[in-house]
Amino acid sequence: MAQVAAEAPVPKRQQIRPFNVVARFAPVLFLVVLMIGFSILEPRFLTPLNLFNVLRQVSIYGLLAIGMTFVILTAGIDLSIGSILALAGLVAAVVAKGGLDNRFSVGDGSAATGFGWEVAALAAIGVGVAAGFVQGLAITRFKVPPFVVTLGGMSAFRGAALLFSGGGPVSGFDEAFVWWGQGKLGPVPVPVLIFVLFAIIAHITLSYTRYGRQIYAVGGNPEAARLAGLNVQKIILSVYVITGFFAGLGAFVLAARLNSAEAVAGTGFELTVIASVVIGGTSLFGGTGTIFGTVIGTVLIGVLLNGLVLLDVSAYVQQIIIGMIIVLAVAFDTFVKSRRRIL
């Protein structure tokens, strides 16, 4: 009997599977390898100035990616996030300037005719939340697929931004406004601090609150969630509102950083944001993903683009690489899911 007990197999839950470990930490491992590779090929890559520049660049994408994570966790998608950012940024700019008549004025005189950065930020966030609510309502109330709704929103909000601004930019804000995009606290840029702060809040929300567990439940199996008593439609509506909130916040920070807002802002952001979320381990099929993974994915994309720029790689090639990475990330996610079912 003692010999039989000694030869009993180890329970599966106690076995450490190398494949699962690699799959779980793949984004982090890839980021480390990427940074080592670029540091060898280009010594300027690891300088503090360049690293802070990377973090400042990814902060806007990061804010949008946080919101996108909530949507993708419910197996949804938002293709309109770049267009919402453009519209929200223009509204914030016009509020800060006191109207389109002062769009090119610079100095304290123009600031006196407008409202403060507080009202401008609230206006941008308000536009983002309203846009997210409208799209979420179309998805939940009228049963239109998220892809179709947000694809239409991508065009509609971009057109609204062009119509609102007359096709021209709005620039020249006061120092208090610009500080939120260009200021620093010590050596750390303010946009980076904003990104980190909201990433922590989003992580706590998804990991330690009832609402976060409901989002995972809806993404994992919406029918089971409904039978368990969850208001699935309300939860889906809420995640699009959250995405709109982050689009509005990102619009304000971007306008402050560039000291300008225009209708073409955010063009192509959808691809980069979705890539950041998917590379970070959030499944496009819903129910799986973390904010930590999204942060890693966002930094990874930023490091990749920055390294390619330092190596003088064409911007066209960069877009090809990002597209290929998205396909490979989704393929890897599908492969991991199939292996887990087998194991």
Residue list for the stretch 43-75, filter: out of contact with any Gly (no Cβ under 6 Å at 6 or more places or on another chain), of a type outside the set (A, V, I, L, M, F, W, C) and over 16 Å from ALA202 (Cβ atoms):
PRO43, ARG44, THR47, PRO48, ASN50, ASN53, ARG56
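If you check PHE198 against the conditions, is it aromatic (Phe, Trp, Tyr), assigned to a helix (DSSP H, G or I), modelled with pLDDT of 95 or more and closer than 25 Å to ILE326 by Cα? Working first, answer last.
Values: aromatic (Phe, Trp, Tyr): yes; assigned to a helix (DSSP H, G or I): yes; modelled with pLDDT of 95 or more: yes; closer than 25 Å to ILE326 by Cα: yes.
Against the criterion (aromatic (Phe, Trp, Tyr), assigned to a helix (DSSP H, G or I), modelled with pLDDT of 95 or more and closer than 25 Å to ILE326 by Cα), PHE198 qualifies.
Quick check, is GLY181 touching a Lys or Arg at 6+ places or on another chain (Cβ under 7 Å), part of a helix (DSSP H, G or I) and touching a residue at least 60 places away in the same chain (Cβ under 8 Å)? Working first, answer last.
On the way: touching a Lys or Arg at 6+ places or on another chain (Cβ under 7 Å): yes; part of a helix (DSSP H, G or I): yes; touching a residue at least 60 places away in the same chain (Cβ under 8 Å): yes.
Yes, satisfied.
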Could you go through the stretch 145-166 and let me know if any residue there is touching a residue at least 24 places away in the same chain (Cβ under 8 Å) and outside any helix (DSSP H, G or I).
yes
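What residue, of SER171, SER207, is in contact with a strand residue (DSSP E or B) (Cβ under 7 Å, 6 or more places away or on another chain) and either within 16 Å of GLY76 (Cα to Cα) or among the small types (Gly, Ala, Ser) (or both)?
Working: SER207 fails: in contact with a strand residue (DSSP E or B) (Cβ under 7 Å, 6 or more places away or on another chain).
It is SER171.
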Could you grab me the full set of residues in the stretch 61-117 that are at pLDDT below 85, of a type in the set (Gly, Ala, Ser) and in a loop (DSSP other than H, G, I, E, B)?
GLY98, GLY99, SER105, GLY107, GLY114
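Please verify whether VAL295 is β-branched (Val, Ile, Thr) and at pLDDT 95 or above, treating the condition exactly as stated.
Working: β-branched (Val, Ile, Thr): yes; at pLDDT 95 or above: yes.
So VAL295 fits the description; yes.
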Check ALA92, ALA96, ALA86, ALA26 and return the single one that is in contact (Cβ under 8 Å) with a residue 60 or more places away in the chain, out of contact with any Phe, Trp or Tyr (no Cβ under 6 Å at 6 or more places or on another chain) and either surrounded by 24 or more Cβ atoms within 10 Å (Cβ to Cβ) or among the acidic types (Asp, Glu) (or both).
ALA86
Some residue of the stretch 211-225 being crowded, with 20+ Cβ neighbours inside 10 Å, of a type in the set (Val, Ile, Thr) and in contact (Cβ under 8 Å) with a residue 60 or more places away in the chain
yes
Having 3 or more residues that are buried (at least 21 other Cβ atoms within 10 Å of the Cβ) and β-branched (Val, Ile, Thr) is the bar; report the helices (runs of 4 or more DSSP H) wholly within the stretch 231-343 that clear it.
232-258, 269-279, 291-310
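The values are calculated or read from the model by the stated rules, or taken from the named source; none is laboratory data. Source: prediction; values computed, not measured. FYI the Cβ positions are ideal-geometry reconstructions off the backbone, even for glycines, and counts take in every protein chain you see.
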